[in-house]
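Written below as C-alpha cells is the structure these notes are about.
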Amino acid sequence: MKQIVLDIGLARGPSLANFCAGPNEAALKHLQLWAGNPTRSPVPTYLWGAGGSGKTHLLKAVQGALREQGASVGWLDASVLEPPEFNDNWAVVLLDDVHLYTAVQQHAAFNWFINAQTLQRGVLAAGLLPPADLQLREDLRTRLGWGHVFQLHVLSEPERRAVLRQEADARGIFLGDDVMDFMLTRFSRDLGNLMELLDGLDGYALQTKRAITIPLIKSMLENE
C-alpha cells in the first residue's frame, strides 16, 4: 500500500489533555501533577514501553505545557548528534529514546542529569526498556532507575477503536464500522498515527465535501 504523507496542518500537537491514557492512567496523572507544579519534585521520572505506547507524546506534551508556563526546557533525543551544554535556565531536562543514545549523547545526558539534580530541577526520561535492561553507561542507567518508573502499555484494539470513535464524535464526523475496520487493519495501529490519519481524512473530506468512506480514504491516498 502507498505510503501515507499526511497534511497535518490541522493536527493538534501532543498534550496531556489529548493523551489517551487507557491502562496508562497512573503515568498520566503523575505527569499532570508534575508539569503543573512550579515547585515540582526533582525526583526523576522514567517511562518505558513498546513503540506506540505514548512515550514521546508524553514528553512533548510536558515540554509544551512547561513552555506555555514560560519555562525553558532542555530536550535530548537520538537525533541530536551534538548535544549542547546544560543551561542553568532550564526548568527541567527531557531525555527521549535513551536506549538509542550514542556515547556522546550518554555523556551529555549524564552531565545534564547531574546538573539538574544539583540545581533541584526535574528530569523526565523515556526508553524502550526498563532501566535495568538499558545498554547504557552504568552511572546513567542507575540514575534513570532510582526515581519514579512507569511502564506504558500499547492500547488494545477495542481501546483504539473507542478512542477513534470518541475523537470522531468530538469533530462531528461519522465513522462507519467498515471505515473503522479499514483504518485499524490497513494502517499503523500506533494511536498517534491513527490520529494523524483522522486529521488528514477530516481535512480531505471537508475539501472534497464528501463523507468519510473507504472510497474516500483510497481517493486521498491516490492524490497524495
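Laboratory data are not the source of any read-out in this text; all were calculated from the coordinates shown. Every value quoted in this text rests on a predicted model; they were computed, and no experiment measured them. All Cβ positions, glycine included, derive from the backbone under ideal geometry; neighbour counts span all protein chains shown.
What relative contact order, as a whole-number percentage, does the chain give when Cα pairs under 8 Å and 6 or more residues apart are counted?
Value for the chain: 26 percent.
For D178, D97, the sequence from fewest to most other C-beta atoms within 10 Å is D178, D97. Our coupling estimate for region 148-157, obtained by passing each phi through the Karplus curve with A = 6.51, B = -1.76, C = 1.60 and θ = phi - 60°, is 7, 10, 10, 8, 9, 10, 5, 5, 6, 4 Hz, Gly and Pro reported as x. Charged side chains reduced to their Cβ positions (Lys and Arg at +1, Asp and Glu at -1) give the chain a dipole of some 280 debye around its Cα centre. GNM on the chain, alpha-carbon springs under 10 angstrom: the most fluctuating residue among L81, L194, L58 is L81. Residues whose amide H lies under 5 Å from that of V149, counting only those 5 or more places away or on a different chain, are Y46; hydrogens are built 1.01 Å from N in the peptide plane. Backbone geometry of region 121-138 corresponds, through the Karplus equation with coefficients 6.51, -1.76 and 1.60 at θ = phi - 60°, to 3J(HN,Hα) couplings of 9, x, 10, 10, 10, 8, x, 6, 10, x, x, 4, 9, 6, 8, 10, 4, 4 Hz, x marking Gly and Pro.
The candidate values are [x] 19.4, 58; [y] 16.9, 50; [z] 18.9, 65; the one derived from this structure for Rg and Dmax of the Cα atoms in Å carries the label [x]. Would you work out if region 72-161 is rounded, prolate or oblate? Take a ≥ b ≥ c from the square roots of the eigenvalues of the alpha-carbon gyration tensor; rounded if a/c is under 1.5, else prolate when a/b is larger than b/c, oblate otherwise. Prolate shape, in that a/c is at least 1.5 and a/b is the bigger ratio.
Among L16, L59, L119, the largest mean-square fluctuation in a Gaussian network model of the chain (Cα springs under 10 Å) belongs to L119.
What ranking do 140-148, 167-175 get when scored by the average of other Cβ atoms within 10 Å per residue, highest first? Could you put the intermediate results ahead of the total?
Values: 140-148: 18.1, 167-175: 14.2.
Ranking the peptides 140-148, 167-175 by packing returns 140-148, 167-175.
Restricting attention to the chain, lysine pairs at least eight places apart or on different chains and with alpha-carbon atoms under 20 angstrom apart total 4. Report, by chain and number, residues whose modeled amide H sits under 5 Å from the one on V92, excluding near sequence neighbours (fewer than 5 apart, same chain). Counting only residues 5 or more places away or on other chains, the set is G74. Shape of region 157-222 from the C-alpha gyration tensor: prolate (a/c of 1.5 or more and a/b above b/c, with a ≥ b ≥ c the square roots of its eigenvalues).
Between the Cα long axis of helix 191-208 and the first principal axis of the chain there is an angle of about 40°, rounded to the nearest 10. Summary value for region 22-151: 35 percent relative contact order, contacts being C-alpha pairs under 8 angstrom separated by 6+ residues.
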